[in-house]
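Take a look at the structure set out below.
The values are calculated or read from the model by the stated rules, or taken from the named source; none is laboratory data. In this text the structure is predicted, and so the values were computed from the model without any measurement. Glycine gets a Cβ as well: all are built from the backbone with ideal geometry, and neighbour counts include every protein chain shown. Only protein heavy atoms, including side chains, enter the accessible area calculation; ligands, DNA and RNA are left aside. Shrake-Rupley method; radii C 1.70, N 1.55, O 1.52, S 1.80 Å.
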Number of protein chains: 2
Amino acid sequence: MKTIRISEEEISQFSDRKRVQFINSLSGFKPCNLIGTINGEGNSNLSIVSSVFHLGANPALLGLIIRPDSVPRDTLINLRETKACTLNHVNQSIMAKAHQTSARYPKEISEFKACGLTEEILEDFKAPFVAESNIKMALQFVREEKLPENGCHFIITRITDVYIPEESYREDGRVDIHKADTVCVGGLDTYYKTERLHRFSYAKPSSPLSILED
Amino acid sequence: MKTIRISEEEISQFSDRKRVQFINSLSGFKPCNLIGTINGEGNSNLSIVSSVFHLGANPALLGLIIRPDSVPRDTLINLRETKACTLNHVNQSIMAKAHQTSARYPKEISEFKACGLTEEILEDFKAPFVAESNIKMALQFVREEKLPENGCHFIITRITDVYIPEESYREDGRVDIHKADTVCVGGLDTYYKTERLHRFSYAKPSSPLSILED
(Lines give C-alpha, C1' and ligand atoms only; values in the text may rest on other atoms or scores of the structure.)
Protein backbone atom coordinates (compact mmCIF):
# COMPACT_ATOMS: atom_id res chain seq x y z
CA MET A 1 0.00 0.00 0.00
CA LYS A 2 1.63 3.22 -1.19
CA THR A 3 1.42 6.18 1.19
CA ILE A 4 1.14 9.68 -0.21
CA ARG A 5 2.02 12.89 1.60
CA ILE A 6 -0.10 16.00 1.19
CA SER A 7 1.44 19.16 2.61
CA GLU A 8 -0.22 22.26 4.02
CA GLU A 9 0.92 24.15 0.93
CA GLU A 10 -0.77 21.68 -1.40
CA ILE A 11 -3.94 21.80 0.70
CA SER A 12 -3.97 25.59 0.42
CA GLN A 13 -4.04 25.24 -3.36
CA PHE A 14 -7.06 22.92 -3.38
CA SER A 15 -10.40 24.35 -4.51
CA ASP A 16 -12.61 25.30 -1.54
CA ARG A 17 -14.90 22.30 -2.10
CA LYS A 18 -12.00 19.85 -2.36
CA ARG A 19 -10.37 21.26 0.77
CA VAL A 20 -13.62 21.01 2.74
CA GLN A 21 -14.11 17.39 1.65
CA PHE A 22 -10.50 16.51 2.43
CA ILE A 23 -10.20 18.09 5.87
CA ASN A 24 -13.63 16.84 6.95
CA SER A 25 -12.42 13.26 6.34
CA LEU A 26 -9.41 13.46 8.60
CA SER A 27 -10.61 13.45 12.21
CA GLY A 28 -11.99 9.91 11.83
CA PHE A 29 -15.57 8.64 12.00
CA LYS A 30 -17.87 11.29 13.41
CA PRO A 31 -21.01 11.10 15.50
CA CYS A 32 -24.22 11.91 13.68
CA ASN A 33 -26.87 13.92 15.51
CA LEU A 34 -29.84 16.17 14.89
CA ILE A 35 -30.15 19.36 16.93
CA GLY A 36 -33.71 20.51 17.54
CA THR A 37 -34.51 24.10 18.53
CA ILE A 38 -37.43 26.53 18.50
CA ASN A 39 -37.60 30.33 18.45
CA GLY A 40 -39.83 32.66 20.45
CA GLU A 41 -42.42 32.72 17.66
CA GLY A 42 -42.75 28.95 17.74
CA ASN A 43 -40.79 28.21 14.55
CA SER A 44 -38.87 24.99 15.02
CA ASN A 45 -35.55 24.13 13.42
CA LEU A 46 -33.68 20.88 12.91
CA SER A 47 -30.07 20.64 11.87
CA ILE A 48 -27.70 17.70 11.32
CA VAL A 49 -24.31 18.02 13.03
CA SER A 50 -21.20 15.86 13.16
CA SER A 51 -19.33 18.07 15.61
CA VAL A 52 -20.72 16.97 18.99
CA PHE A 53 -18.14 15.81 21.50
CA HIS A 54 -17.92 14.65 25.12
CA LEU A 55 -16.70 17.44 27.41
CA GLY A 56 -17.12 15.89 30.84
CA ALA A 57 -19.31 13.59 32.92
CA ASN A 58 -19.68 15.61 36.14
CA PRO A 59 -21.26 17.99 35.32
CA ALA A 60 -22.51 16.20 32.18
CA LEU A 61 -21.35 18.44 29.36
CA LEU A 62 -21.36 18.15 25.59
CA GLY A 63 -19.51 20.46 23.21
CA LEU A 64 -20.64 21.43 19.74
CA ILE A 65 -19.16 23.50 16.90
CA ILE A 66 -21.40 25.73 14.79
CA ARG A 67 -20.00 27.36 11.65
CA PRO A 68 -19.48 31.15 11.43
CA ASP A 69 -22.67 33.22 11.52
CA SER A 70 -21.72 35.19 8.39
CA VAL A 71 -25.04 33.70 7.16
CA PRO A 72 -27.88 33.29 9.72
CA ARG A 73 -27.54 30.09 11.73
CA ASP A 74 -31.03 29.32 13.02
CA THR A 75 -29.76 26.76 15.55
CA LEU A 76 -27.45 29.34 17.09
CA ILE A 77 -30.06 32.11 17.08
CA ASN A 78 -32.65 29.85 18.73
CA LEU A 79 -30.17 28.49 21.25
CA ARG A 80 -29.27 32.02 22.33
CA GLU A 81 -32.94 32.94 22.61
CA THR A 82 -34.35 29.91 24.45
CA LYS A 83 -31.16 28.50 26.05
CA ALA A 84 -32.38 25.03 25.09
CA CYS A 85 -31.90 22.42 22.38
CA THR A 86 -32.37 18.70 21.90
CA LEU A 87 -29.78 16.21 20.68
CA ASN A 88 -31.17 13.26 18.72
CA HIS A 89 -29.06 10.36 17.45
CA VAL A 90 -29.49 9.62 13.75
CA ASN A 91 -30.57 6.00 13.24
CA GLN A 92 -30.34 4.15 9.96
CA SER A 93 -34.08 4.50 9.28
CA ILE A 94 -33.96 8.34 9.26
CA MET A 95 -30.52 8.83 7.76
CA ALA A 96 -31.67 10.29 4.42
CA LYS A 97 -34.17 12.63 6.10
CA ALA A 98 -31.47 13.72 8.53
CA HIS A 99 -29.07 14.49 5.67
CA GLN A 100 -31.78 16.53 3.94
CA THR A 101 -31.93 18.90 6.97
CA SER A 102 -28.55 20.26 5.80
CA ALA A 103 -30.28 22.04 2.89
CA ARG A 104 -30.65 25.81 3.38
CA TYR A 105 -34.32 26.24 4.15
CA PRO A 106 -35.64 29.73 4.98
CA LYS A 107 -36.07 30.26 8.71
CA GLU A 108 -39.88 30.15 8.59
CA ILE A 109 -39.74 26.61 7.15
CA SER A 110 -39.30 23.88 9.75
CA GLU A 111 -36.88 21.16 8.68
CA PHE A 112 -39.02 18.73 10.66
CA LYS A 113 -41.90 19.19 8.25
CA ALA A 114 -39.80 19.77 5.13
CA CYS A 115 -37.78 16.57 5.70
CA GLY A 116 -40.56 14.32 7.03
CA LEU A 117 -39.52 14.02 10.69
CA THR A 118 -41.89 14.30 13.64
CA GLU A 119 -41.66 16.96 16.35
CA GLU A 120 -42.08 15.53 19.81
CA ILE A 121 -42.42 17.50 23.06
CA LEU A 122 -41.27 15.67 26.19
CA GLU A 123 -41.76 16.79 29.81
CA ASP A 124 -42.57 20.35 28.76
CA PHE A 125 -39.02 20.89 27.51
CA LYS A 126 -38.99 23.96 25.27
CA ALA A 127 -37.10 22.51 22.31
CA PRO A 128 -38.59 19.78 20.09
CA PHE A 129 -37.22 16.22 19.98
CA VAL A 130 -37.21 13.94 16.94
CA ALA A 131 -39.85 11.27 17.58
CA GLU A 132 -38.14 8.78 15.22
CA SER A 133 -34.81 8.99 17.02
CA ASN A 134 -34.03 6.17 19.48
CA ILE A 135 -31.63 8.08 21.74
CA LYS A 136 -32.33 11.71 22.61
CA MET A 137 -31.36 14.30 25.14
CA ALA A 138 -32.51 17.63 26.51
CA LEU A 139 -29.60 20.09 26.58
CA GLN A 140 -29.32 23.36 28.42
CA PHE A 141 -27.15 26.08 26.84
CA VAL A 142 -24.21 26.90 29.14
CA ARG A 143 -21.89 29.20 27.21
CA GLU A 144 -20.64 30.06 23.75
CA GLU A 145 -17.35 31.28 22.45
CA LYS A 146 -16.51 32.68 19.04
CA LEU A 147 -13.14 31.23 18.02
CA PRO A 148 -10.78 33.95 16.77
CA GLU A 149 -9.06 31.44 14.46
CA ASN A 150 -12.00 31.11 12.07
CA GLY A 151 -15.17 32.61 13.53
CA CYS A 152 -16.70 29.23 14.44
CA HIS A 153 -18.86 29.05 17.55
CA PHE A 154 -17.84 26.67 20.30
CA ILE A 155 -21.00 25.85 22.28
CA ILE A 156 -21.05 24.22 25.71
CA THR A 157 -24.27 22.48 26.78
CA ARG A 158 -25.36 20.54 29.85
CA ILE A 159 -27.36 17.31 29.61
CA THR A 160 -30.54 17.59 31.67
CA ASP A 161 -32.57 14.57 30.51
CA VAL A 162 -31.73 11.43 28.58
CA TYR A 163 -34.22 9.17 26.74
CA ILE A 164 -32.96 5.74 25.68
CA PRO A 165 -34.45 2.37 24.74
CA GLU A 166 -34.57 0.17 27.82
CA GLU A 167 -32.92 -2.70 25.96
CA SER A 168 -29.85 -0.58 25.14
CA TYR A 169 -29.18 0.37 28.75
CA ARG A 170 -26.67 -1.59 30.81
CA GLU A 171 -26.65 -1.70 34.62
CA ASP A 172 -23.11 -0.32 34.74
CA GLY A 173 -24.25 2.84 32.94
CA ARG A 174 -23.17 1.97 29.39
CA VAL A 175 -25.60 2.68 26.56
CA ASP A 176 -25.36 0.28 23.61
CA ILE A 177 -25.72 2.82 20.83
CA HIS A 178 -24.99 0.13 18.23
CA LYS A 179 -28.06 -1.79 19.37
CA ALA A 180 -30.03 1.47 19.20
CA ASP A 181 -29.15 1.61 15.48
CA THR A 182 -27.16 4.86 15.73
CA VAL A 183 -25.09 5.56 12.61
CA CYS A 184 -21.86 7.51 12.11
CA VAL A 185 -20.53 9.63 9.26
CA GLY A 186 -17.31 9.88 7.28
CA GLY A 187 -16.47 13.20 5.63
CA LEU A 188 -19.50 15.29 4.75
CA ASP A 189 -21.90 12.85 3.21
CA THR A 190 -21.13 9.17 3.72
CA TYR A 191 -23.07 7.25 6.37
CA TYR A 192 -22.01 4.03 8.06
CA LYS A 193 -23.49 1.49 10.40
CA THR A 194 -21.18 -0.27 12.82
CA GLU A 195 -20.11 -3.81 13.57
CA ARG A 196 -18.85 -4.53 17.03
CA LEU A 197 -15.27 -5.77 17.23
CA HIS A 198 -14.19 -5.91 20.90
CA ARG A 199 -14.79 -4.43 24.28
CA PHE A 200 -11.57 -4.25 26.30
CA SER A 201 -10.98 -4.21 30.05
CA TYR A 202 -9.69 -1.08 31.83
CA ALA A 203 -6.01 -0.80 30.85
CA LYS A 204 -3.32 -1.08 33.54
CA PRO A 205 0.45 -0.94 33.05
CA SER A 206 1.05 -4.21 34.87
CA SER A 207 -1.50 -6.55 33.31
CA PRO A 208 -2.57 -7.54 29.80
CA LEU A 209 -5.98 -6.50 28.44
CA SER A 210 -8.84 -8.93 28.47
CA ILE A 211 -11.73 -9.01 26.05
CA LEU A 212 -15.10 -8.44 27.71
CA GLU A 213 -18.08 -10.26 26.30
CA ASP A 214 -20.97 -7.90 26.95
CA MET B 1 -39.28 -0.80 22.35
CA LYS B 2 -39.78 0.83 25.74
CA THR B 3 -38.07 4.19 26.26
CA ILE B 4 -36.74 5.13 29.67
CA ARG B 5 -36.02 8.64 30.90
CA ILE B 6 -32.99 9.36 33.05
CA SER B 7 -32.96 12.80 34.62
CA GLU B 8 -30.05 15.00 35.62
CA GLU B 9 -30.89 14.32 39.25
CA GLU B 10 -30.69 10.56 38.76
CA ILE B 11 -27.39 10.94 36.90
CA SER B 12 -25.99 12.96 39.81
CA GLN B 13 -26.71 9.99 42.10
CA PHE B 14 -24.83 7.48 39.91
CA SER B 15 -21.44 6.24 41.13
CA ASP B 16 -18.56 8.10 39.44
CA ARG B 17 -17.72 5.09 37.27
CA LYS B 18 -21.31 4.57 36.18
CA ARG B 19 -21.74 8.26 35.37
CA VAL B 20 -18.53 8.29 33.31
CA GLN B 21 -19.64 5.22 31.35
CA PHE B 22 -23.12 6.63 30.80
CA ILE B 23 -22.21 10.14 29.68
CA ASN B 24 -19.37 8.89 27.48
CA SER B 25 -21.92 6.82 25.52
CA LEU B 26 -24.21 9.70 24.65
CA SER B 27 -22.50 11.84 22.02
CA GLY B 28 -22.63 8.97 19.50
CA PHE B 29 -19.83 7.00 17.85
CA LYS B 30 -16.50 8.69 18.40
CA PRO B 31 -13.34 8.89 16.32
CA CYS B 32 -10.43 6.85 17.58
CA ASN B 33 -6.96 8.35 17.34
CA LEU B 34 -3.50 8.10 18.86
CA ILE B 35 -1.67 11.32 19.74
CA GLY B 36 2.12 11.09 19.54
CA THR B 37 4.37 13.60 21.32
CA ILE B 38 7.95 13.89 22.59
CA ASN B 39 9.51 16.01 25.32
CA GLY B 40 12.78 17.97 25.28
CA GLU B 41 14.69 15.02 26.74
CA GLY B 42 13.59 12.75 23.92
CA ASN B 43 10.97 10.77 25.88
CA SER B 44 8.09 9.94 23.58
CA ASN B 45 4.45 9.54 24.60
CA LEU B 46 1.44 7.98 22.91
CA SER B 47 -2.12 8.45 24.07
CA ILE B 48 -5.47 7.23 22.74
CA VAL B 49 -8.16 9.92 22.40
CA SER B 50 -11.79 9.92 21.30
CA SER B 51 -12.24 13.69 21.55
CA VAL B 52 -10.80 14.95 18.26
CA PHE B 53 -13.17 17.04 16.15
CA HIS B 54 -13.19 19.07 12.95
CA LEU B 55 -12.86 22.80 13.61
CA GLY B 56 -12.46 24.20 10.12
CA ALA B 57 -10.99 23.52 6.67
CA ASN B 58 -9.33 26.86 5.89
CA PRO B 59 -7.14 27.08 7.90
CA ALA B 60 -7.21 23.31 8.50
CA LEU B 61 -7.91 23.04 12.22
CA LEU B 62 -8.65 20.14 14.53
CA GLY B 63 -9.86 20.48 18.11
CA LEU B 64 -9.07 18.13 20.96
CA ILE B 65 -10.13 17.85 24.61
CA ILE B 66 -7.60 16.79 27.27
CA ARG B 67 -8.82 16.03 30.80
CA PRO B 68 -7.89 18.27 33.75
CA ASP B 69 -4.19 18.34 34.64
CA SER B 70 -4.83 17.58 38.31
CA VAL B 71 -2.60 14.60 37.51
CA PRO B 72 0.28 15.13 35.01
CA ARG B 73 -0.90 14.81 31.41
CA ASP B 74 2.21 13.98 29.39
CA THR B 75 0.53 14.78 26.07
CA LEU B 76 -0.35 18.27 27.28
CA ILE B 77 3.08 18.89 28.82
CA ASN B 78 4.87 17.77 25.64
CA LEU B 79 2.52 19.74 23.40
CA ARG B 80 3.24 22.92 25.35
CA GLU B 81 6.96 22.27 25.20
CA THR B 82 7.42 21.29 21.55
CA LYS B 83 4.25 22.82 19.99
CA ALA B 84 3.90 19.65 17.93
CA CYS B 85 2.01 16.35 17.97
CA THR B 86 0.95 13.67 15.53
CA LEU B 87 -2.55 12.30 15.01
CA ASN B 88 -2.74 8.65 13.96
CA HIS B 89 -5.97 6.83 13.09
CA VAL B 90 -6.48 3.59 14.99
CA ASN B 91 -6.94 0.69 12.55
CA GLN B 92 -8.42 -2.65 13.44
CA SER B 93 -5.00 -4.34 13.52
CA ILE B 94 -3.67 -2.07 16.30
CA MET B 95 -6.88 -1.58 18.27
CA ALA B 96 -5.84 -3.56 21.37
CA LYS B 97 -2.40 -1.93 21.50
CA ALA B 98 -4.02 1.48 21.10
CA HIS B 99 -6.41 0.78 24.01
CA GLN B 100 -3.47 -0.29 26.17
CA THR B 101 -1.93 3.20 25.81
CA SER B 102 -4.68 4.44 28.16
CA ALA B 103 -2.92 2.73 31.10
CA ARG B 104 -1.09 5.14 33.42
CA TYR B 105 2.55 4.57 32.57
CA PRO B 106 5.22 6.70 34.30
CA LYS B 107 6.44 9.54 32.08
CA GLU B 108 9.86 7.94 31.45
CA ILE B 109 8.14 4.90 29.89
CA SER B 110 7.15 5.33 26.26
CA GLU B 111 3.74 3.89 25.44
CA PHE B 112 5.11 3.11 21.98
CA LYS B 113 7.49 0.55 23.46
CA ALA B 114 5.26 -0.58 26.32
CA CYS B 115 2.33 -1.26 23.99
CA GLY B 116 4.23 -2.65 21.00
CA LEU B 117 3.78 0.17 18.50
CA THR B 118 6.55 1.57 16.29
CA GLU B 119 7.80 5.16 16.41
CA GLU B 120 8.25 6.67 12.99
CA ILE B 121 9.85 10.01 12.16
CA LEU B 122 8.64 11.63 8.94
CA GLU B 123 10.11 14.71 7.21
CA ASP B 124 12.03 15.74 10.34
CA PHE B 125 8.79 16.48 12.18
CA LYS B 126 9.54 16.66 15.91
CA ALA B 127 6.77 14.39 17.18
CA PRO B 128 6.71 10.65 16.46
CA PHE B 129 4.12 9.00 14.21
CA VAL B 130 2.72 5.49 14.62
CA ALA B 131 4.23 3.39 11.82
CA GLU B 132 1.33 0.89 11.91
CA SER B 133 -1.31 3.57 11.42
CA ASN B 134 -2.68 3.99 7.88
CA ILE B 135 -3.75 7.62 8.13
CA LYS B 136 -1.59 10.10 10.03
CA MET B 137 -1.08 13.81 10.35
CA ALA B 138 1.47 16.30 11.64
CA LEU B 139 -0.24 18.88 13.85
CA GLN B 140 1.04 22.24 15.03
CA PHE B 141 -0.19 23.50 18.39
CA VAL B 142 -2.15 26.74 17.94
CA ARG B 143 -3.72 27.57 21.31
CA GLU B 144 -5.13 26.05 24.46
CA GLU B 145 -7.90 27.07 26.80
CA LYS B 146 -8.71 25.74 30.23
CA LEU B 147 -12.50 25.45 30.46
CA PRO B 148 -13.84 27.03 33.66
CA GLU B 149 -16.75 24.54 33.70
CA ASN B 150 -14.60 21.52 34.56
CA GLY B 151 -10.90 22.25 34.12
CA CYS B 152 -10.62 20.35 30.82
CA HIS B 153 -8.20 21.68 28.23
CA PHE B 154 -9.54 22.65 24.83
CA ILE B 155 -6.66 22.39 22.37
CA ILE B 156 -6.62 23.87 18.87
CA THR B 157 -4.16 22.42 16.36
CA ARG B 158 -3.37 23.10 12.69
CA ILE B 159 -2.82 20.29 10.20
CA THR B 160 0.54 20.75 8.47
CA ASP B 161 1.05 17.38 6.74
CA VAL B 162 -1.22 14.46 5.92
CA TYR B 163 -0.13 10.88 5.10
CA ILE B 164 -2.74 8.59 3.57
CA PRO B 165 -2.84 5.39 1.52
CA GLU B 166 -3.01 6.28 -2.16
CA GLU B 167 -5.92 3.89 -2.69
CA SER B 168 -8.05 5.70 -0.08
CA TYR B 169 -7.68 9.10 -1.73
CA ARG B 170 -10.35 10.37 -4.10
CA GLU B 171 -9.78 13.06 -6.73
CA ASP B 172 -12.45 15.29 -5.21
CA GLY B 173 -10.54 15.40 -1.91
CA ARG B 174 -12.45 12.75 0.03
CA VAL B 175 -10.44 10.21 2.02
CA ASP B 176 -12.07 6.79 2.33
CA ILE B 177 -11.27 6.12 5.97
CA HIS B 178 -13.38 2.95 5.91
CA LYS B 179 -11.11 1.51 3.22
CA ALA B 180 -8.12 2.55 5.36
CA ASP B 181 -9.50 0.28 8.10
CA THR B 182 -10.06 3.11 10.62
CA VAL B 183 -12.22 2.05 13.58
CA CYS B 184 -14.49 4.04 15.88
CA VAL B 185 -15.39 3.74 19.54
CA GLY B 186 -18.57 3.68 21.61
CA GLY B 187 -18.38 4.76 25.25
CA LEU B 188 -14.98 4.21 26.84
CA ASP B 189 -13.97 0.75 25.71
CA THR B 190 -15.97 -0.74 22.84
CA TYR B 191 -14.49 -0.69 19.35
CA TYR B 192 -16.37 -0.95 16.08
CA LYS B 193 -15.58 -1.31 12.43
CA THR B 194 -17.92 0.27 9.92
CA GLU B 195 -20.09 -0.84 7.06
CA ARG B 196 -20.94 1.70 4.41
CA LEU B 197 -24.63 2.48 4.00
CA HIS B 198 -25.03 5.42 1.61
CA ARG B 199 -23.35 8.50 0.31
CA PHE B 200 -25.87 11.26 -0.38
CA SER B 201 -25.75 14.21 -2.76
CA TYR B 202 -25.45 17.79 -1.50
CA ALA B 203 -28.85 18.65 0.00
CA LYS B 204 -30.95 21.42 -1.56
CA PRO B 205 -34.41 22.57 -0.49
CA SER B 206 -35.87 22.21 -3.96
CA SER B 207 -34.70 18.76 -5.04
CA PRO B 208 -34.70 15.24 -3.57
CA LEU B 209 -31.43 13.60 -2.49
CA SER B 210 -29.74 11.12 -4.74
CA ILE B 211 -27.55 8.24 -3.65
CA LEU B 212 -24.00 8.50 -4.95
CA GLU B 213 -22.20 5.31 -5.84
CA ASP B 214 -18.58 6.06 -5.03
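Overview of values
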item: Ascending list, in nanometres, of distances separating the B:Ser70 label from those of the other copies (7 Å, Cα toward Cβ); result: 4.1
item: Contour excess over end-to-end distance, with Cα ends at A:Asp124 and A:Glu167 and 0.36 nm allotted per residue; result: 13.0 nm
item: Aspartates and glutamates whose Cα lies under 12 Å from that of B:Lys107, excluding same-chain neighbours fewer than 8 positions away; result: B:Glu41, B:Asp74
item: Cα-Cα P(r), chain B, percent of pairs per 10 Å interval; result: 7, 29, 35, 20, 8, 1
item: Two-site label geometry, A:Asn150 and A:Lys113: point separation in nm, points 7 Å out along Cα→Cβ; result: 3.4
item: A/B buried area, accessible surface, summed, 1.4 Å probe, Å²; result: 9500
item: Whole-percent carbon and sulfur share, accessible surface of the stretch A:13-212, 1.4 Å; result: 49
item: Solvent-accessible area per residue, Å², over the protein assembly as shown with all protein chains present [probe radius 1.4 Å]; result: 41
item: Label-point gap, in nm, between A:Lys83 and A:Arg67 - each point 7 angstrom along Cα→Cβ; result: 3.0
item: Under 5 Å, built H, 5+ apart or other chain: amide partners of B:His198; result: A:Tyr191
item: The protein assembly as shown: radius of gyration over Cα atoms, expressed as a fraction of 2.2 N^0.38 Å; result: 0.93
item: For B:Asp181, residues with placed amide H under 5 Å, excluding near neighbours; result: none
item: Which listed pairs, of B:Lys30/B:Lys146; A:Lys97/A:Lys136; A:Lys30/A:Lys204; A:Lys179/B:Lys18; A:Lys30/B:Lys126, have C-alpha distances above 26 Å, in listed order; result: A:Lys30/A:Lys204; A:Lys30/B:Lys126
item: Candidates per GluC sites (Glu not before Pro) in the stretch A:3-41, loop by DSSP, up to 10 other Cβ within 10 Å; result: A:Glu41
